[in-house]
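Engineer: One structure, pasted below without further comment.
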Amino acid sequence: MTRVAIFDYGAGNIFSLKNSLEREGATADVIRDFAARPGGDGNSGSDAAADAARHYDGLLLPGVGNFGPAMKAVTRDPDSKFSDYVGHGMPVLGICLGMEMFFARSQEGSEPGLGVMSGDVASLPDTMKVPHMGWNSLQIRRRGRLLEGVEDGAWVYFVHSYMARLPATPPPGGAAGDVVTAESSYNDIVIPAAVEYRNYLGTQFHPEKSGPVGRQMIRNFLGVCRR
Amino acid sequence: MVKGTRFVEIRDAGDPVALAKRYSDEGADELVFLDITASDERRKTIRELVRGVASVIDIPFTVGGGVSTMEDARNILLSGADKVGINTGAINNPPIITEMMGLFGRQCVVVAIDAKRNYGEPADGGGGPPVMLEDDSGRRFWFEVHTYGGKKGTGVDAIRWARRAQGLGAGEILLTSMDRDGTKDGYDHELTRRVVDAVSIPVIASGGCGHPGDMADVFGATGVDAALAASIFHYQEYGVSGVKRILRDRGVPVRL
C-alpha cells in the first residue's frame, strides 16, 4: 500500500486530488503540518517531522491557494520542518501552486519559496487571458520519471496566473538549470510545464484534471513513491 | 492554443453521474451542470451529486443553478466542483462576484449570462445605456440579460454586464443566446463576438448548436474560447469524439 500525504494549506478543495490518488490504489491522508501521522496527531519536538515522514511514501503539494498563505502554512510550525520531512529523499509532487513553491520567490507574495530549484515565479504576461484556463499540449524535452509513457504532444489541463522562470545560465555545479522536462506554448509564450530535480517533481498543469494522460502521471508518481 | 475546449451541458438528462462518466470517457474537455434540481433538499442533493461526479471523472467541471449566497458557492466547491456558475444571484447582488473571487480565486467564478435580443426601447437597468445594434434587415436591437431561467428581463445590457462582471472578479463568462437556445440554428455570432471583444477573460458560447459544424463556425467567426453543446450529445447524434474529429478536420485544435 502506497501512502501519500497531501498538504492542505487550508485554501480550497482537494477532493479531486485525493480521489485521483485513491483511484490508483493509494491511501491519501490530508495533513496540515509535518508532524501529522496516520490516524492522529504526531509527536512534538524537534524530531517530529522526520518521525512522521517515516509513515509516508510521498508528499503532495496541491495546486489551490495563494503563494504567500500557502508558504506560511508550510513553514508555520518551527518544530516540524519541510526540510526535515523530505530530508531523506521523500518524493514530492508539486502541482501548479505546489510546483511554484519549489522556486526561490514569486510575484504573488513576499513570502520566500522553498528554494529547492533555481529560478523564480512571475505573473503571466498581460497579453494573455489571465488566469490561463484550458487544455494545452506538452512538448516533452526529456522524459524523466513523471512523463514515462506520456506521448509528446499530449494534452493537459492548466489553470494558472503565474509561471516559473528558470535562470538563463544554470548555476554552477548542478543539474538545477536543467529541471524542465516539458514545456507548453501559448501562442508565442513558452512556459515550463513540468519540472524534475532529485526527489522533486512538479507540474504547472493539473494531472488530476487531465483525463487519461493525467492518470498516467499520477501512476508514475506513485511508482516513484514505491521505489 | 487555448481553443478547442468543449463543454457538455447536463440539464435533467438521465442519471447525471453516469452521463458525466460517459462524456468524460468519450473525451469531453469540461462539463457544466446547470439547474440540477429545485427540490427542498437542494443543498444536500447538490452536495451528493457533485461528490458523485467528482469521484468518477477527471476533467474540470462547473456547477450552477440557484446560487445566491457564499454558502451556496462553498457547498458546491467543497463538494468537489472546480468552478461555480452564478447568474441571477450575480445580477441581484453584483458584489457577490467580488466576494467569491476573494475567497475562492477568480478561476472558480463563472458568470452565466442569458441574453436575448430586445427590439423595444432601450432600458437602463443599471450600468448605462445599452449597446445598440442592427440586424440583417436594419432593425435596431440590444441584448438584454434575463434571469430566473430566462423568465425575467432585467433591462441590463448583456455586453456591458459581461464587462462589469469581469471588473468585479469573474474568471469566465458562460454566454447563452436565448434566441438560439433549442433551435439548432447555430450559435449567435453577433452576441458572441460582441462579448468576446468586450472582455479579456475566457468566454464560452452556448445556445443553438445543432451540428458539429456550428462549433467550428463559432470558433472561426468570433474568437470565442470554448463552445458548449447539450442536445447533440444527449441524443447520441454524435459522440463527443465524433464531434471532435469533425472539428479537427475543420482545422480547430482539439484534444483527441
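The values are calculated or read from the model by the stated rules, or taken from the named source; none is laboratory data. Everything numeric here is computed off the predicted structure, so don't read it as measured data. FYI the Cβ positions are ideal-geometry reconstructions off the backbone, even for glycines, and counts take in every protein chain you see. Accessible surface is based on the protein model in full, side chains and every heavy atom, while ligands, DNA and RNA are left aside. Shrake-Rupley method; radii C 1.70, N 1.55, O 1.52, S 1.80 Å.
Engineer: Over the range B:97-219, what portion of Cα pair distances is larger than 27 Å, expressed as a whole percent?
Structural biologist: Value for the range B:97-219 (Cα pairs over 27 Å): 15 percent.
Engineer: Tell me what chain A gives for mean residue ellipticity at 222 nm when only DSSP H runs of n ≥ 4 count, each as -39,500 (n - 2.57), the sum divided by the residue total, rounded to 500 deg cm²/dmol.
Structural biologist: -5500 deg cm²/dmol, from helical runs alone.
Engineer: Over the Cα atoms of the protein assembly as shown, compute the convex hull volume and normalise it per residue, giving Å³. Present the calculation step by step, with values, prior to reporting the outcome.
Structural biologist: Numbers: hull volume 70.4 nm³, N = 483.
Dividing the Cα hull volume of the protein assembly as shown by its residues yields 146 Å³.
Engineer: Something else about it: Just tell me how shielded A:129-140 is by partners: mean number of partner chain Cβ atoms within 10 Å of each residue's Cβ, no decimals. Mind showing how you got there, number by number?
Structural biologist: On the way: counts 9, 5, 8, 3, 14, 12, 14, 5, 4, 0, 0, 0.
Partner-chain Cβ atoms within 10 Å, mean over residues of A:129-140: 6.
Engineer: Using helices alone, what [θ] at 222 nm do you get for chain B, with -39,500 (n - 2.57) per DSSP H run of 4 or more residues, divided over all residues and rounded to the nearest 500?
Structural biologist: That calculation yields -10500 deg cm²/dmol at 222 nm.
Engineer: For the range A:186-227, rounded, prolate or oblate, judged on the Cα gyration tensor with a ≥ b ≥ c (square roots of eigenvalues), a/c < 1.5 rounded, else prolate if a/b > b/c?
Structural biologist: oblate
Engineer: Restricting attention to the alpha-carbon atoms of the range A:86-160, what are Rg (one decimal) and Dmax (integer), both in Å?
Structural biologist: 14.4, 42
Engineer: Chains B and A: what accessible area do they bury, summed, in square angstrom to the nearest 100, with a 1.4 Å probe?
Structural biologist: Interface area, both chains combined: 2300 Å², rounded to the nearest 100.
Engineer: Could you work out the percent of alpha carbon pairs in the range B:149-190 separated by over 11 Å, rounded to a whole number?
Structural biologist: Percentage above 11 Å: 73.
Engineer: Expressed as cubic angstrom per residue, what is the convex hull volume of the alpha carbon set of the range B:160-248? Please list the in-between numbers first.
Structural biologist: Numbers: hull volume 8.0 nm³, N = 89.
Considering the Cα atoms of the range B:160-248, their hull volume per residue is 90 Å³.
Engineer: Still on this model: From the C-alpha coordinates alone, can you work out the Kirkwood hydrodynamic radius of chain A, in Å?
Structural biologist: 17.5 Å
Engineer: Would you mind computing Rg(Cα) / (2.2 N^0.38 Å) for chain B, counting N as its residues?
Structural biologist: Compactness ratio reported: 0.96.
Engineer: Count the lysine pairs in chain A whose Cα atoms lie under 25 Å apart, taking only pairs 8 or more positions apart in sequence or on different chains.
Structural biologist: Values: A:LYS18/A:LYS72; A:LYS18/A:LYS81; A:LYS18/A:LYS209; A:LYS72/A:LYS81; A:LYS129/A:LYS209.
Summing the qualifying lysine pairs gives 5.
Engineer: In percent, what relative contact order does chain B have, based on Cα pairs under 8 Å that are 6 or more apart in sequence?
Structural biologist: 18 percent
Engineer: Something else: Any idea what % of Cα-Cα pairs in the range A:1-104 are farther than 18 Å? Walk me through the numbers on the way to the answer.
Structural biologist: On the way: 2294 of 5356 pairs.
Summing the P(r) of the range A:1-104 above 18 Å gives 43 percent of all pairs.
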